[in-house]
Every structure is written in structure tokens, then in C-alpha cells.
Amino acid sequence: MSRKIRKAVLPVAGLGTRFLPATKTVPKEMLTVVDRPILQHVVDEARAAGVEHFIFVTGRNKSVIEDHFDNAYELEDTLRRRGKMKELEALMSDLPGAGNCSFTRQQAPLGLGHAVWCARELVGDEPFAVLLPDMVTMGGASKSQCLAQCVEAYAKHGGNVIAVEQVPAEETHQYGVVAVGKDHGRDFEITGMVEKPAKGTAPSNLIISGRYILQPEIFDILGTVEKGAGGEIQLTDGMKALSSRQSFHGVRFDGRTYDCGSKIGFLAANLAFALERPELADALRAEARKLGL
Ligand code: UTP
């Protein structure tokens, strides 16, 4: 039987250069989709998949992330005294339990693979999840969220699991792309991976979309992998090396991923999540009509 996925690594040490000047002092993971920081949406998704321990790989100027997952004594006390119990309860239920968060630093943003490697001591010798915190997902018809769908596939196949999504062929050069082997429909065997393939060379139009379940052997590989695309230590290169020894399966995520590291993805996520909120949807549609949308 596959071991339970108890821990998740959330790499939040990137510079967010695509979102300057907003990200000069505010980590991009703390920008909000409607009224929740992007990172809170991602932690909620991990919790829904059964994750118990959250490992944040942070960098300089990111200490506000640590504060977000801690008690805010003055605020909580004021809410209590003013009788704003609903707001207080909402704040408290967002908090992971005592001891359920760990923080480590990536001293320099050397790439996603390097950021994940920085979590090796905190993860130890067990399979774990990785969630890219700038990718916000919304479950499709089943309402099951992306990491939960990965955990389901992991229970079936074991090994390593990656969530993928289809994009138009002309966009594949911007992403990590997988090659499809034995296909089971929703999930399939991965027979190859390539990070940012040259135009026209991608093995499929299925891109790696920011949710992974990985075996701990990835750490040894990430410790030795050379710099790849963009001069960064790429997680995809590490996974590619691991795939010669262990199985990798892809899950076609039933739902949609919003890349909140890009302006359009961020704006689309705000619209989509606001339209899911009954108290906001009608008013937002009315505003959109005023704009001629
Ligand atoms: P991105 O490449 O999207 O993030 O990495 P970035 O570098 O912050 O963004 P831009 O391109 O400059 O706008 C995906 C995720 O991996 C983390 C980022 O914080 C982001 O959540 N990351 C990336 C790290 O933690 N360390 C790195 O060295 C690189």
C-alpha cells in the first residue's frame, strides 16, 4: 500500500518579477484572489487532500507569510471585543494547527528544483506533495480539487504523480511538457518530460501544472542536477532523471488552473472565484456590464 501523503512543500522564494511593482514589498503569494491570499487558497487545497504539515521554502522579504499563518493577537482580541465572532472564527479556522508549519529559507532563487531540495531535511524519508503557490486551481464538475485528484491517482499507481493540463500546441514552449505512454483516460503513464521545449518539438500539449507527488529519492538527484532552462535548477530535470528508476503518472486535472504569477491569470482567477461567491456574483456581473463586457 502507498504511504499517506502527510507533508507538502510550498516554494515561495521566487522574486515575482512578472508582477512588479506589486511584488517589490508584498510577496506575490500574498496577493489576493478575492479576499484570500493566493497562498491561503493553496494551503486550503492541500488540507482538503489530507496534508497535515506545510513546509514553506521562503526567501528574504517574505516574513509576512510566516505572520499570516500565526495568531494575530491584537486583531483577534479586537474582533472578540467588538463581537465580530464570524470574522474571528473564519480567521481561526484558516490557521494550520500548532506545529503544523515549518519554514526554511532558500538563500538565493536558484530555481524551483533547488527550492524543493531546500526542504529535504524537513520532509525526510517519505513521499510528499509539492504545490506551486502561484498556481490556483478550481475543481471541475466533481468539485474535487487538484491535489486530491493527484492523491487518488497515487493511491492507484504509487510512485510519482504530476497534475497536467491541456494547452494549445502553440503555447507549449512556455511550460514543462510530458509525453504520454499507457493511457488510462483520466490518468496515464508518463514516458518523458521536457522543460520549455523549442517551438514545434513538444511531445504533447499536456503541461505540468504545479501539483506533484514525489518520492524522497528526488532529493539526492536535485542535489546533483546541473542548471537547466533559464540557468535555473529545474524540478523537471530532476524528475526526468528519477523517471529512469521510478514510475511517473500524469493526472488530467478535472478543473482549471490559474497562473497567478501572470497578470492575466491573476485577473481571470479573481473573476472566476468571485463569480463562485453568491454574495458577489450578481454585483460583479453588473459591474462587468457597465464596462461593456
Ligand atoms: P516562478 O518562476 O513562477 O516564480 O516559480 P518567480 O521566479 O517568483 O516569478 P517571475 O517569473 O520572476 O515572475 C514558481 C514558484 O516557485 C517558486 C516561486 O516562488 C513560485 O511560487 N520559486 C521559484 C522558488 O521558491 N525559488 C526559485 O528559485 C524559483
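Every number in this text was worked out from the coordinates using simple rules, so none of it is lab data. Bear in mind that the values here come from a model prediction, so they are computed numbers and not experimental data. Here the Cβ positions follow ideal geometry from the backbone for every residue, glycine too, while neighbour counts run over all protein chains shown.
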>> Report D for region 6-77 in µm² per second (integer): Stokes-Einstein, Kirkwood Rh on Cα pairs, 10 °C, 1.306 mPa s.
In response: 121 µm²/s
> So what are region 67-158's ellipsoid semi-axes, whole angstrom, largest first, if each one is the square root of 5 times an eigenvalue of the alpha-carbon gyration tensor?
Replying inline: 31, 22, 13
> Beyond 27 Å, what share of the Cα-Cα pairs of region 105-231 remains, rounded to the nearest whole percent?
Replying inline: 19 percent
>> Which of rounded, prolate or oblate describes region 214-259 when judged by the alpha-carbon gyration tensor and an a/c cut-off of 1.5?
In response: oblate
> Which residue, Tyr154, Tyr73, Tyr175, tops the fluctuation ranking in a GNM of the chain built on C-alpha contacts under 10 Å?
Replying inline: Tyr73
>> Could you identify which residue out of Glu170, Glu217, Glu279 has the top mean-square fluctuation in a GNM of the chain using Cα springs shorter than 10 Å?
In response: Glu279
> If you take the square roots of the eigenvalues of the alpha-carbon gyration tensor of region 178-255 and sort them as a ≥ b ≥ c, do you get rounded (a/c under 1.5), prolate (a/b over b/c) or oblate?
Replying inline: oblate
>> Test of understanding: what is the full-extension gain from Glu87 to Leu122, defined as 0.36 nm times their sequence separation minus their Cα-Cα distance?
In response: 9.3 nm
> One-quarter of the Cα convex hull surface for the chain, in nm²?
Replying inline: 17.0 nm²
> Based on DSSP H assignment, which helices of the chain show an axial Cα extent of at least 15 Å together with a mean Kyte-Doolittle hydropathy greater than or equal to -0.5?
Replying inline: 38-48, 146-157, 263-275
> Modelled label-to-label distance, Ala286 and Glu217, 7 Å Cα→beta-carbon offset: nm?
Replying inline: 6.0 nm
>> For a bin width of 10 Å, list the pair-distance distribution of region 1-122 built from all Cα-Cα distances, rounded to whole %.
In response: 12, 39, 34, 13, 2, 0
> Within region 258-275, whose backbone N sits under 14 Å from a point 7 Å along Cα→Cβ of Ala48?
Replying inline: 258, 273-274
> Computed FRET efficiency, Cβ-Cβ of Asp183 and Asn71, R0 41 Å: what is it to the nearest 0.05?
Replying inline: 0.30
> Under a GNM of the chain (C-alpha, springs under 10 Å), which listed residue has the highest mean-square fluctuation: Ser63, Ser102, Ser93?
Replying inline: Ser93
